[in-house]
Amino acid sequence: MRPFTGTTTAALFDAILHKAPVVPVELNPETPARLGEIINKALEKDRDVRHQHASELRADLKRLKRDTDSDRSAVSVVAVKKPATPAVRYRRWVEISAAAIVLLALLAFG
């Protein structure tokens, strides 16, 4: 599922410009709340409210990573995760690439 959908390119652009995106936790229930806030800020329609520069988005993501890493180091339990299949990795790569393109377009043209 994508944050914006449309049957045509024009409908997709209209959704990007005028509709609220799908909440990140609906796309992936395991999405951390703070990451959802960062994504929502990046997709914000009001240019005065969203990140003013890509460096601000990068700083938010670095802070999230730092805080997440420090939370993990405080926990002594090691989680074992199954490796993702090639199809899952490809789909994730496509989704992340699409989200990055949308974010860059919003930052560049918003």
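Given the condition closer than 17 Å to residue 108 by Cα and outside any loop (DSSP other than H, G, I, E, B), answer yes or no: does some residue in segment 41-48 qualify?
Keep residues of segment 41-48 that are closer than 17 Å to residue 108 by Cα, which gives 41-48.
Next, from what is left, pick out any that are outside any loop (DSSP other than H, G, I, E, B): 41-42.
Within segment 41-48 (the criterion being closer than 17 Å to residue 108 by Cα and outside any loop (DSSP other than H, G, I, E, B)), the answer is yes, since at least one residue qualifies.
If the Cβ limit is 9 Å and pairs must be 6+ apart or interchain, which residue in segment 43-65 that is among the β-branched types (Val, Ile, Thr) pairs with which residue that is surrounded by 13 or more Cβ atoms within 10 Å (Cβ to Cβ)?
Between residues of segment 43-65 that are among the β-branched types (Val, Ile, Thr) and residues that are surrounded by 13 or more Cβ atoms within 10 Å (Cβ to Cβ), the close pairs are 49/41.
Being under 27 Å from residue 6 (Cβ atoms), modelled with pLDDT of 75 or more and in a helix (DSSP H, G or I) is the requirement here; does residue 95 meet it?
Numbers: under 27 Å from residue 6 (Cβ atoms): yes; modelled with pLDDT of 75 or more: yes; in a helix (DSSP H, G or I): yes.
Against the criterion (under 27 Å from residue 6 (Cβ atoms), modelled with pLDDT of 75 or more and in a helix (DSSP H, G or I)), residue 95 qualifies.
Under the condition of being among the small types (Gly, Ala, Ser) and either touching a Phe, Trp or Tyr at 6+ places or on another chain (Cβ under 6 Å) or under 17 Å from residue 98 (Cα atoms) (or both), which residue from segment 21-57 is surrounded by the most Cβ atoms within 10 Å (Cβ to Cβ)? Working first, answer last.
Taking segment 21-57 first, the residues among the small types (Gly, Ala, Ser) are 33, 36, 42, 54-55.
Next cut, either touching a Phe, Trp or Tyr at 6+ places or on another chain (Cβ under 6 Å) or under 17 Å from residue 98 (Cα atoms) (or both) only: 36, 42, 54.
Numbers: 36: 16, 42: 21, 54: 13.
Filtering segment 21-57 for residues that are among the small types (Gly, Ala, Ser) and either touching a Phe, Trp or Tyr at 6+ places or on another chain (Cβ under 6 Å) or under 17 Å from residue 98 (Cα atoms) (or both), the one surrounded by the most Cβ atoms within 10 Å (Cβ to Cβ) comes out as 42.
Taking segment 1-20 as the region of interest, how many residues are part of a helix (DSSP H, G or I) and either surrounded by 15 or more Cβ atoms within 10 Å (Cβ to Cβ) or touching a residue at least 60 places away in the same chain (Cβ under 8 Å) (or both)?
Taking segment 1-20 and keeping what is part of a helix (DSSP H, G or I), we get 9-18.
This time we only want the ones that are either surrounded by 15 or more Cβ atoms within 10 Å (Cβ to Cβ) or touching a residue at least 60 places away in the same chain (Cβ under 8 Å) (or both), so: 12, 15-16.
Residues meeting the conditions: 3.
Can you tell me which residue within segment 18-73, out of those that are in contact with a Pro (Cβ under 8 Å, 6 or more places away or on another chain) and more than 26 Å from residue 6 (Cα to Cα), is modelled with the highest pLDDT?
64
The values are calculated or read from the model by the stated rules, or taken from the named source; none is laboratory data. All values derive from a computational prediction rather than experimental measurement. All Cβ positions, even for glycine, are placed from backbone atoms using ideal geometry, and neighbour counts span all protein chains on display.
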